[in-house]
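This report refers to the structure that appears directly beneath it.
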Amino acid sequence: MAKPPLSLPPTSAAPLKVTLLIGSPLHSPLSVPLFELVVPASQPALVHPDEASFHPLPEIHHTFRPEQKLPPRPISILFSAVVLAPWVVLLGL
């Protein structure tokens with residue numbers, strides 16, 4: 001027989017009486033005693049062999065790359081003009 005869960009309290013001196021109740025709003029309820037239940041005391045939970053490794057880990061601190069540096073605006077304008085120059089020539093023909 002399996003051990004009862006720790007949340008279930010053990011039986012006191014008198015066993016628990018299990019009864020089946022069947023009722024309806026129109027009729028008186030039917031009560032059928034089924035059996036008496038004795039719940040043994042629960043054993044404490046066993047300690048897992050790897051219990052020492054089950055603990056909170058230290059907080060992870062993320063490191064991010066520094067912001068990307070942009071080239072100076074005149075250089076960006078110059079290279080944009082170099083890239084667009086062939087289109088000006090092609091569309092001008």
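Per residue, the stretch 44-89 exposes an accessible area of 114 Å² to a 1.4 Å probe, with every protein chain left in place. Each residue of the stretch 68-83 was assigned a 3J(HN,Hα) from its phi angle through the Karplus expression (A = 6.51, B = -1.76, C = 1.60, θ = phi - 60°), giving 6, 7, 8, x, x, 4, x, 5, 4, 5, 4, 5, 5, 5, 5, 6 Hz with x at Gly and Pro. Over the stretch 9-84, with every protein chain in place, what whole percent of the accessible area is carbon and sulfur at 1.4 Å, could you tell me? Ligands and nucleic acids excluded, carbon and sulfur give 68 percent.
The values are calculated or read from the model by the stated rules, or taken from the named source; none is laboratory data. Given the structure is predicted, the values throughout are model-derived calculations rather than measurements. Ligands, DNA and RNA are excluded from the accessible area calculation, which covers all protein heavy atoms including side chains. Shrake-Rupley method; radii C 1.70, N 1.55, O 1.52, S 1.80 Å.
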